[in-house]
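A short write-up of the structure that comes next.
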Amino acid sequence: MFKYSLDNKRYHTLNYFYKNKFDKKVFKVPLDLGLSCPNKITGGCIFCSNYSKSNITINTSNISKQFEYAKNILEKKWPNSLYIAYFQAGTSTYGPLDYFKKQVETVLKIPNVVGISIATRPDTINDEYLNYFKELNKRTFLTIELGLQSSNEKTLKYINRGHDVNCFTNTVKALQKEKIFTVAHIINGLPYETKKDMLNTVKYLNNLKIDGIKIHALFICQDTELAKRYKDENFALLTEKEFVDIVCEELTYLDEKIVIERITGDPIIEELVAPDWLKKKFVILNDIDKEMVKRNIYQGQKSH
């Protein structure tokens, strides 16, 4: 069995990481600060739907109420657990620092909250935020999640990402200097990317010594710029078999200590245009496991 897994996976699972760190089951409680995104000024990323919402929160701006609502749902599945407050929706650092600090300090007072996870963009972490993160990291387990999507500059321009690879690199290095746990988000199957492009992205992140990664498959949602371009350009989408093949190889290029926080996406079924195979998340996860066994491969085999 792979040494960084508790359930026969051949990659470093988030479940193992949390259990090893906290010696108890830990789950993330998704929260919504009600913030938008600076990239919306120029239309936003082409794959982004109207507003990125966390998938459990209720319609209230009260962070304590959001937390309690989501926690009660998740506790039915994982009773007697510890919690990480996950500021998931929108761009969490796109707003006044005082507002952000107030929300974070509120959830830190909740019993059994052992960490804070913040989803944001690399171009919205200024020195003020970085200084707060430095201080916060001394008091709790802090994770910063940064969207990259691809290390291909042409792709970043095509998807209107709004920042370049160098911006991502500099932000990660600034966080690493403060020993802050940093997670990258990538998307496999972006328009016109080859398998080589996708492998180059994980090689870049491996060389950057990222702490964790979330791997998503491209999916097209209704009423997005991506949906319009898909209709007009009819670019190829990955099949499930192609996605599984690419993920399996990507994992071999990622150092075994890098935590695989996610390995596929969760589209809202009602909004999904394509591909249909993404509706079956557990089939995809099982197929990745089976393929890794078939090839007799593990995370990190090609990372050096």
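The table below gives the values:
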item	result
Inter-residue pairs, beta-carbon under 7 Å, first within 16 Å of K65 (Cβ to Cβ) and in the stretch 92-121, second among the small types (G, A, S) and outside any loop (DSSP other than H, G, I, E, B), 6+ apart	T106/S64; V107/A85; V113/A85
Contacts under 9 angstrom Cβ, first residue in the stretch 60-85 being exposed (fewer than 12 other Cβ atoms within 10 Å of the Cβ), partner among the acidic types (D, E) and not in a helix (DSSP H, G or I), 6 or more apart	S61/D32
Selection count, the stretch 211-223, where residues are touching a helix residue (DSSP H, G or I) at 6+ places or on another chain (Cβ under 9 Å), surrounded by 19 or more Cβ atoms within 10 Å (Cβ to Cβ) and not hydrophobic (A, V, I, L, M, F, W, C)	2
Close pairs (8 angstrom Cβ cut-off, 6 or more residues apart or separate chains): without any contact (Cβ under 8 Å) to a residue 24 or more places away in the chain in the stretch 276-298, surrounded by fewer than 17 Cβ atoms within 10 Å (Cβ to Cβ) and not hydroxyl-bearing (S, T, Y) anywhere	K279/I269; K279/L272; K281/D266
Counted residues, the stretch 149-177 - those being farther than 23 Å from N207 by Cβ and either aliphatic (A, V, I, L, M) or more than 19 Å from the chain's Cα centre (by Cα) (or both)	1
Any chance N39 is assigned to a helix (DSSP H, G or I), under 23 Å from P122 (Cα atoms) and modelled with pLDDT under 85	yes
Residue among G189, G162, G147, G115 that alone is over 26 Å from D32 (Cβ atoms) and not aromatic (F, W, Y)	G189
Qualifying residue in the stretch 228-235 (condition: hydrophobic (A, V, I, L, M, F, W, C) and farther than 19 Å from K290 by Cα)	yes
For T264: the one exception among (1) touching a residue at least 40 places away in the same chain (Cβ under 8 Å); (2) outside any loop (DSSP other than H, G, I, E, B); (3) of a type outside the set (D, E)	(2)
Residues of the stretch 161-205 satisfying the condition of being at positive phi and surrounded by 16 or more Cβ atoms within 10 Å (Cβ to Cβ)	G162, G189
Evaluation of E270 against (1) over 21 Å from the mean Cα position of the chain (by Cα); (2) at pLDDT 95 or above (one fails), failing number	(2)
Residue that is within 17 Å of the chain's Cα centre (by Cα), surrounded by fewer than 20 Cβ atoms within 10 Å (Cβ to Cβ) and touching a residue at least 24 places away in the same chain (Cβ under 8 Å), where the choices are L146, L208, L142	L208
Tabulated pairs, the stretch 14-32, first more than 18 Å from P79 (Cα to Cα), second part of a helix (DSSP H, G or I), C-beta under 7 angstrom, 6+ apart or interchain	L31/I63; L31/Q66; L31/F67; D32/Q66
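The values are calculated or read from the model by the stated rules, or taken from the named source; none is laboratory data. Everything numeric in this text was worked out from a predicted model, so none of it was measured. FYI the Cβ positions are ideal-geometry reconstructions off the backbone, even for glycines, and counts take in every protein chain you see.
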